[in-house]
Amino acid sequence: QVQLVESGGGLVQAGGSLRLSCTSSGRSISRYCMGWFRQAPEKEREFVATITWNGDSTYYANSVKGRFTISRDNAENTVYLQMNSLKPEDTAIYYCAGDSQFARLVKGDNDYWGQGTQVTVSS
């Protein structure tokens, strides 16, 4: 079983940076497509970024393109989301997600979710 655990959230000023991490306390995630979603207060959960199992392809939401970078270290069983030039509208709970199929992950129809980590960007 894949049990995803996020870390790295916190409070940061606008223009600052944070790096989120996601690892599995169960089965290795090295063969899964992985991604990040977020949910702001009173809004629907939205796609942020995803990466293929071997890291050779990434895909980003337009709202974060050029500011966020998703990466992975399969040897460390960890996926990262580097967030730069943060804006107040990036404030949300960020969820790690995983699935064997890239297409399902992008749509949010994936099998595995973490419990989320709060990111708050102050203006």
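The values are calculated or read from the model by the stated rules, or taken from the named source; none is laboratory data. The structure presented is a predicted model; accordingly, all values stated were derived computationally and were not measured. Using ideal geometry, Cβ is built from the backbone for each residue, glycine included, and neighbour counts are taken over all protein chains shown. To get the accessible areas, we keep the full protein, side chains included, count just its heavy atoms, and leave off ligands, DNA and RNA. Shrake-Rupley method; radii C 1.70, N 1.55, O 1.52, S 1.80 Å.
Within segment 98-121, is even one residue more than 15 Å from MET34 (Cα to Cα), open to solvent by 60 Å² or more (accessible area, probe 1.4 Å) and in a strand (DSSP E or B)?
Yes, there is a match, as at least one residue in segment 98-121 is more than 15 Å from MET34 (Cα to Cα), open to solvent by 60 Å² or more (accessible area, probe 1.4 Å) and in a strand (DSSP E or B).
Does ARG67 satisfy the condition of being touching an Asp or Glu at 6+ places or on another chain (Cβ under 7 Å) and modelled with pLDDT of 95 or more?
No: the conditions fail for ARG67.
Suppose we filter segment 13-23 for residues that are closer than 15 Å to LEU81 by Cα and touching a Ser or Thr at 6+ places or on another chain (Cβ under 9 Å); how many remain?
Residues in segment 13-23 being closer than 15 Å to LEU81 by Cα and touching a Ser or Thr at 6+ places or on another chain (Cβ under 9 Å): 6 in total.
Which one of these does ILE93 not meet: (1) open to solvent by less than 40 Å² (accessible area, probe 1.4 Å); (2) closer than 22 Å to GLU42 by Cβ; (3) under 14 Å from the mean Cα position of the chain (by Cα); (4) aliphatic (A, V, I, L, M)?
Looking at each condition in turn, ILE93 falls short on (1).
Could you list all residues from segment 35-78 that are within 14 Å of GLY116 (Cα to Cα) and open to solvent by less than 30 Å² (accessible area, probe 1.4 Å)?
Result: GLY35, TRP36, PHE37, ARG38, ALA40, VAL48.
Modelled with pLDDT under 95, farther than 18 Å from THR117 by Cβ, exposed (fewer than 14 other Cβ atoms within 10 Å of the Cβ) and not hydrophobic (A, V, I, L, M, F, W, C), is that true of GLY26?
So GLY26 fits the description; yes.
Go through segment 88-123 and give me each residue that's under 17 Å from THR78 (Cα atoms) and β-branched (Val, Ile, Thr).
Once the filter is applied, which keeps residues that are under 17 Å from THR78 (Cα atoms) and β-branched (Val, Ile, Thr), segment 88-123 yields only THR117.
Take the residues in segment 79-90 that are outside any loop (DSSP other than H, G, I, E, B) and open to solvent by 50 Å² or more (accessible area, probe 1.4 Å); name whichever of them is farthest from VAL121 (Cα to Cα).
Let us first name the residues in segment 79-90 that are outside any loop (DSSP other than H, G, I, E, B), namely 79-83, 88-90.
Among the residues that remain, those that are also open to solvent by 50 Å² or more (accessible area, probe 1.4 Å) are: 82, 88-89.
Numbers: GLN82: 14, PRO88: 5, GLU89: 8 Å.
It comes out as GLN82.
Can you name every residue in segment 19-56 that is free of Cβ contacts under 8 Å to residues at least 40 places away in the same chain, among the small types (Gly, Ala, Ser) and at negative phi?
Passing the criteria: SER25, GLY26, ALA49.
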